[in-house]
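K.L.:
Handing you a structure now.
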Ligand SMILES: C[S@@+](CC[C@H](N)C(=O)[O-])C[C@H]1O[C@@H](n2cnc3c(N)ncnc32)[C@H](O)[C@@H]1O
């Protein structure tokens, strides 16, 4: 596991502490609707950090041609209906472009600034002329009022336990997922970004936000500049 990342619970973990079985259990939320609202029907999508295909599968079912990328082979082997590529996001260079490039799951907030820049360069390198990059960032107040919990109607509880500063604006965030038969915890490194910082990071990769895709501003559509 990467330095600063920790995880407990059953089964295999990714280098950033995601539990493979946990992601196989988490239901999809509004992500496919958000993505489908921003990319022309039937278009090509590059999904970066796809996990087990929680979002990939509904997108493929809607007719998008998805290339799903993850560094974890255990995650990728669960993906169906999409081309899969095992790679780091920051090291990816497929030599092709896509109508939409998706960087979800707040990966843009990774604690390592070099990895973040690499991820955004990958987005830029793979977006077609006239295409877009869809980025999911943290919600406002993500590190406030902790601990707090969300009891999901699917019969499990997600508790965000703590968020502690560890230097250079980076925080160590610990989350617990409680199911009737299993509990997972994950501690990951997260760099909150103000609006201007986020815009600067995108600009350094040759991208700019052209619209917000959700009222809370957590999903944005960016395009090459
Ligand atoms: C929080 S999970 C989310 C998975 C999926 N996007 C979802 O919403 O269900 C993050 C995924 O990104 C992958 N990941 C994280 N950092 C990565 C990197 N630098 N390169 C490739 N994959 C990465 C992990 O292996 C993991 O599968």
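K.L.:
Scattering from the C-alpha atoms of the stretch 19-73 alone, worked out with Debye: what is log10 I(q)/I(0) at q = 0.25, 0.30 1/Å?
P.N.:
So the normalised log intensities work out to -1.02, -1.30.
K.L.:
Let me ask you something else. Multiplying the sequence separation of residue 93 and residue 26 by 0.36 nm and subtracting their Cα-Cα distance, what value in nm do you get?
P.N.:
That pair, residue 93 and residue 26, stretches by 21.2 nm at full extension.
K.L.:
While we're on this one: What ranking, highest mean first, results for peptides 125-137, 144-156, 91-103 when packing means the other Cβ atoms within 10 Å averaged over each residue?
P.N.:
Going from most to least packed, we get 125-137, 91-103, 144-156.
K.L.:
Next question, about the same structure. Using 0.36 nm per residue, how much length does the chain from residue 166 to residue 6 gain when fully extended, once their Cα-Cα distance is taken away?
P.N.:
The residue 166-residue 6 span can extend by a further 56.2 nm.
K.L.:
At a threshold of 8 angstrom on Cα-Cα distance, excluding pairs fewer than six apart, so keeping six or more, what relative contact order does the chain reach in percent?
P.N.:
18 percent
K.L.:
On to the next question. What percent antiparallel are the DSSP beta bridges of the stretch 56-158, to the nearest 5?
P.N.:
Around 25 percent of the beta bridges assigned by DSSP in the stretch 56-158 are antiparallel ones.
K.L.:
When a/c is below 1.5 the answer is rounded, else prolate if a/b is larger than b/c, else oblate, so apply that to the stretch 59-215 with a ≥ b ≥ c taken from the square roots of the Cα gyration tensor eigenvalues.
P.N.:
Taking the square roots of the gyration eigenvalues as a ≥ b ≥ c, the stretch 59-215 is oblate.
K.L.:
Further question: In a Gaussian network model over the chain where Cα atoms closer than 10 Å are linked, find which of 113, 192, 215 has the largest mean-square fluctuation.
P.N.:
Evaluated over the chain, the most mobile residue of the options is 215.
K.L.:
Follow-up. Please give the length that would be gained between residue 148 and residue 83 if that part of the chain were fully extended, namely 0.36 nm times their separation in residues minus their C-alpha to C-alpha distance (nm, one decimal).
P.N.:
Length difference between fully extended and current span is 19.7 nm.
K.L.:
Going by the alpha-carbon gyration tensor, a ≥ b ≥ c the square roots of its eigenvalues, is the stretch 123-167 rounded (a/c under 1.5) or, if a/c is not under 1.5, prolate (a/b greater than b/c) versus oblate?
P.N.:
In terms of gyration-tensor shape, oblate.
K.L.:
Another question, if that's okay. How much of the DSSP bridge set in the chain is antiparallel, in percent, rounded to the nearest 5?
P.N.:
So the antiparallel bridges amount to about 65 percent of the total.
We did not get these values from a lab; they are worked out from the coordinates using the rules stated. Please read these numbers as outputs of a predicted model, since none were measured by experiment. Ideal geometry is used to build each Cβ from the backbone, glycine not excepted, and the neighbour counts take in all protein chains shown.
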